[in-house]
2 protein chains.
Amino acid sequence: MELISSNKVSNGWHKRYKHSSQTTQCDMTFAIFLPETVNEGKKVPVLYWLSGLTCSDENFMQKAGAFKKANELGIAIVAPDTSPRGEDVADDENASYDFGLGAGFYVNATQAPYNKHYQMYDYVTQELPELIEAHFPVNNQKAISGHSMGGHGALVIGLRNPDMYTSISAFSPIVNPSNCPWGEKAFSGYLGDEPQHWQQYDATVLMTNYDQPVKRPILIEQGTEDQFLEAQLKPWLFKEAAENASYPITLNTHDGYDHSYFFISSFIDEHLAFHHRHFVSRD
Amino acid sequence: MELISSNKVSNGWHKRYKHSSQTTQCDMTFAIFLPETVNEGKKVPVLYWLSGLTCSDENFMQKAGAFKKANELGIAIVAPDTSPRGEDVADDENASYDFGLGAGFYVNATQAPYNKHYQMYDYVTQELPELIEAHFPVNNQKAISGHSMGGHGALVIGLRNPDMYTSISAFSPIVNPSNCPWGEKAFSGYLGDEPQHWQQYDATVLMTNYDQPVKRPILIEQGTEDQFLEAQLKPWLFKEAAENASYPITLNTHDGYDHSYFFISSFIDEHLAFHHRHFVSRD
């Protein structure tokens, strides 16, 4: 692991690292926020944050305004990149913003040429937490959250791994990617044209078929003035699936808010408090 | 005035505007945050924020994390750009980051070709507040703050206009630009080579010669790990000048913090509270 930069912030530390990933077969960058309680030798729980299309590890860390509350609650935050990167990594042939670099969709690609590097599901659920738990003063308690494409990732990863993440949240998530233009483009490119291969990465399908004994709490925020609400996000489909599955979730809608980090920064403190409530104290 | 964008944030609104400026003879962009109290017909005071080198109106608004506290306290925030812009506006011949575009230094340039557009002192102290007070639900109470080059601007503008700004603050300011590489380059380029023309824009010189009856409160934050501390910023020179002038100021130094917005976001709430205390209630 190579330290890229380090900044003190809100009494804690924001650090960026680069490491060679076996999963994605390229160098990966991530950022971590460590609260000041780690200075007292305390191991802290980790919130994994998955960002949206075009983002890197930097957007959340620079724009969400999460550090004051995270420091107060004693929560580390880890933000991975949104795709593999590097000269060797295949991009969309049209260099579009919604496929390829910056748009890994948190799946394990099966289609060439993307299957070589685009293994973001395994990277986020296996290699990255192992790396974090080996190198930083964190315990094994994890929660997951994200925005838009990353909200999709958080819901999918949380629902498929209820023993791993104690709570799940999302801002403006793509809840039913099999059924919207962004998801259809990404899934056909990464997973091929047969929709049955898409289901394991579709939060609404996963919710519809949910049969595990543990139901982790889920909190979703959605702005009413989000420009992608009707065509891409459709949170009501996930809400309906949850009701049919008798899985309690909270979906808050907010008048006037859009799809930007201004929305995330307005409600991130409530999500940190939500995840904090569900971490088990292991002092 | 042309509205560029509008985002709801922390129950208030962030808006960007473009307008044709008579002072700088080009289109100027600014951003404004309006707290929710304006919805009740209340006129609110304004904190003017001056950004540092390479910044625009966007950096503070995206990275400072100021909106929750500003909304709570009922303070509007206005962030102008850091220089005139446009094809017609002269830039540094080497396109350097510390002179020309993005580096107006809040002075009225006297040297060709910069004197045509680089009239940022008059823009910030005259045209911009007149525009804001004519078009937004604000009262005439103003405070001023800024970062680095903008901290220089805030100290200079505040000290020269004690009847206009009720309090002054700065993060990591260039306090003595006549006496550091950034300032010497900018002032010789905009103001010519005779240092006596620089004094009206040098906070340490202004403090040394301060003779006005009103002494507005001044609050400065400085990180000890700021990479520009020794060569460019030198806040101790301003502190010493203030002591010699019997002008009480507060200079807080913070272990481990650097020059970035991570530092600003860590202490912006305290600056908002400081300015709020000095606004006179005019309900």
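The values are calculated or read from the model by the stated rules, or taken from the named source; none is laboratory data. Fair warning: this is a prediction, and the values are worked out from it, not measured in the lab. Positions of Cβ are generated from backbone atoms using ideal geometry, with glycine treated the same way; all protein chains shown enter the neighbour counts.
Looking only at residues that are out of contact with any helix residue (DSSP H, G or I) (no Cβ under 6 Å at 6 or more places or on another chain) and among the aliphatic types (A, V, I, L, M) in the range A:9-43, which one is modelled with the lowest pLDDT?
The qualifying residue modelled with the lowest pLDDT is A:V38.
Does any residue in the range A:233-261 that is touching a residue at least 40 places away in the same chain (Cβ under 8 Å) come within less than 9 Å, Cβ to Cβ, of a residue that is part of a loop (DSSP other than H, G, I, E, B) and basic (K, R) six or more places away or on a different chain, and which pairs are these?
A:Y247/A:K215
Name, by its number, the condition in (1) in contact (Cβ under 8 Å) with a residue 40 or more places away in the chain; (2) within 14 Å of another protein chain (Cβ to nearest Cβ) that does not hold for A:I75.
(2)
Going through the range A:115-131 one residue at a time, which ones are crowded, with 18+ Cβ neighbours inside 10 Å and touching a strand residue (DSSP E or B) at 6+ places or on another chain (Cβ under 8 Å)?
Initial filter on the range A:115-131 (crowded, with 18+ Cβ neighbours inside 10 Å): A:117-121, A:123-125, A:127-129, A:131.
Correct list: A:H117, A:Y118, A:Q119, A:M120, A:Y121, A:Y123, A:V124, A:E127, A:L128, A:P129, A:L131.
Whether any residue in the range A:182-191 is modelled with pLDDT of 95 or more, among the small types (G, A, S) and within 15 Å of A:K234 (Cα to Cα) is what I want to check.
yes
To keep it simple, each residue is scored yes or no on (1) within 13 Å of chain B (Cβ to nearest Cβ); (2) among the hydrophobic types (A, V, I, L, M, F, W, C); (3) in a strand (DSSP E or B); (4) in contact with a strand residue (DSSP E or B) (Cβ under 8 Å, 6 or more places away or on another chain).
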position: A:I4; (1), (2), (3), (4): no, yes, yes, yes
position: A:N7; (1), (2), (3), (4): yes, no, yes, yes
position: A:K18; (1), (2), (3), (4): no, no, yes, yes
position: A:T23; (1), (2), (3), (4): no, no, no, yes
position: A:F33; (1), (2), (3), (4): yes, yes, yes, yes
position: A:V38; (1), (2), (3), (4): no, yes, no, yes
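Restricting to the range A:1-32, and then to whatever is in contact with a Leu (Cβ under 9 Å, 6 or more places away or on another chain) and of a type in the set (A, V, I, L, M, F, W, C), can you tell me which residue is nearest to A:A109 (Cα to Cα)?
Among those residues, the one meeting the criterion is A:M28.
Here is a list: A:G52, A:G65, A:G86. Which entry is within 14 Å of chain B (Cβ to nearest Cβ), assigned to a loop (DSSP other than H, G, I, E, B) and in contact (Cβ under 8 Å) with a residue 40 or more places away in the chain?
Details: A:G52 fails: within 14 Å of chain B (Cβ to nearest Cβ); A:G86 fails: within 14 Å of chain B (Cβ to nearest Cβ).
One residue alone meets the criteria, A:G65.
Just one of A:G146, A:G158 is in a strand (DSSP E or B), modelled with pLDDT of 95 or more and not aliphatic (A, V, I, L, M); which is it? Step through it out loud before you land on a result.
Values: A:G158 fails: in a strand (DSSP E or B).
Only one candidate qualifies: A:G146.
Looking only at residues in the range B:137-147 that are within 19 Å of B:F60 (Cα to Cα) and over 9 Å from the mean Cα position of the chain (by Cα), which one is surrounded by the most Cβ atoms within 10 Å (Cβ to Cβ)? Spell out the reasoning first.
First pass over the range B:137-147, keeping only residues within 19 Å of B:F60 (Cα to Cα): B:142-147.
Among the residues that remain, those that are also over 9 Å from the mean Cα position of the chain (by Cα) are: B:142-143.
Values: B:K142: 25, B:A143: 28.
Residue satisfying both the conditions and the ranking: B:A143.
I'm checking my understanding of the structure. Among residues of the range B:85-114 that are more than 15 Å from the chain's Cα centre (by Cα) and buried (at least 23 other Cβ atoms within 10 Å of the Cβ), which one is nearest to B:M61 (Cα to Cα)?
Going through the qualifying residues, I end up with B:F99.
Please specify each residue of the range B:223-265 satisfying the condition of being surrounded by 17 or more Cβ atoms within 10 Å (Cβ to Cβ), assigned to a loop (DSSP other than H, G, I, E, B) and facing chain A (nearest Cβ under 10 Å).
The answer is B:Y257, B:D258, B:H259, B:S260.
Out of B:T204, B:T208, I need the residue that is buried (at least 16 other Cβ atoms within 10 Å of the Cβ), at pLDDT 95 or above and over 25 Å from B:W49 (Cβ atoms). Which one?
Details: B:T204 fails: over 25 Å from B:W49 (Cβ atoms).
B:T208 is the lone residue from the list that is buried (at least 16 other Cβ atoms within 10 Å of the Cβ), at pLDDT 95 or above and over 25 Å from B:W49 (Cβ atoms).
Within the range B:272-283, how many residues turn out to be crowded, with 18+ Cβ neighbours inside 10 Å and either within 14 Å of chain A (Cβ to nearest Cβ) or polar (S, T, N, Q) (or both)?
Qualifying residue count, the range B:272-283: 1.
In the range A:196-222, which residue that is in a strand (DSSP E or B) and out of contact with any Leu (no Cβ under 6 Å at 6 or more places or on another chain) is farthest from A:G158 (Cα to Cα)? Break it down stepwise before answering.
Filtering the range A:196-222 down to residues in a strand (DSSP E or B) leaves A:218-222.
Retained after the next criterion (residues that are out of contact with any Leu (no Cβ under 6 Å at 6 or more places or on another chain)): A:218-219, A:221-222.
Numbers: A:I218: 9, A:L219: 12, A:E221: 16, A:Q222: 19 Å.
So, considering only residues that are in a strand (DSSP E or B) and out of contact with any Leu (no Cβ under 6 Å at 6 or more places or on another chain), the one farthest from A:G158 (Cα to Cα) is A:Q222.
Does B:F60 satisfy the condition of being away from every other protein chain (no Cβ under 14 Å) and either in a helix (DSSP H, G or I) or closer than 18 Å to B:F105 by Cβ (or both)? Explain how you work it out, then say what you get.
Details: away from every other protein chain (no Cβ under 14 Å): no; either in a helix (DSSP H, G or I) or closer than 18 Å to B:F105 by Cβ (or both): yes.
No.
Scan the range A:168-188 for residues that are surrounded by fewer than 19 Cβ atoms within 10 Å (Cβ to Cβ) and of a type outside the set (S, T, N, Q) and jot them down.
A:P181, A:E184, A:K185
Hey, any hits in the range A:42-49 for a residue that's in contact (Cβ under 8 Å) with a residue 60 or more places away in the chain, within 30 Å of B:N59 (Cβ to Cβ) and within 14 Å of chain B (Cβ to nearest Cβ)?
No, there is no match, as no residue in the range A:42-49 is in contact (Cβ under 8 Å) with a residue 60 or more places away in the chain, within 30 Å of B:N59 (Cβ to Cβ) and within 14 Å of chain B (Cβ to nearest Cβ).
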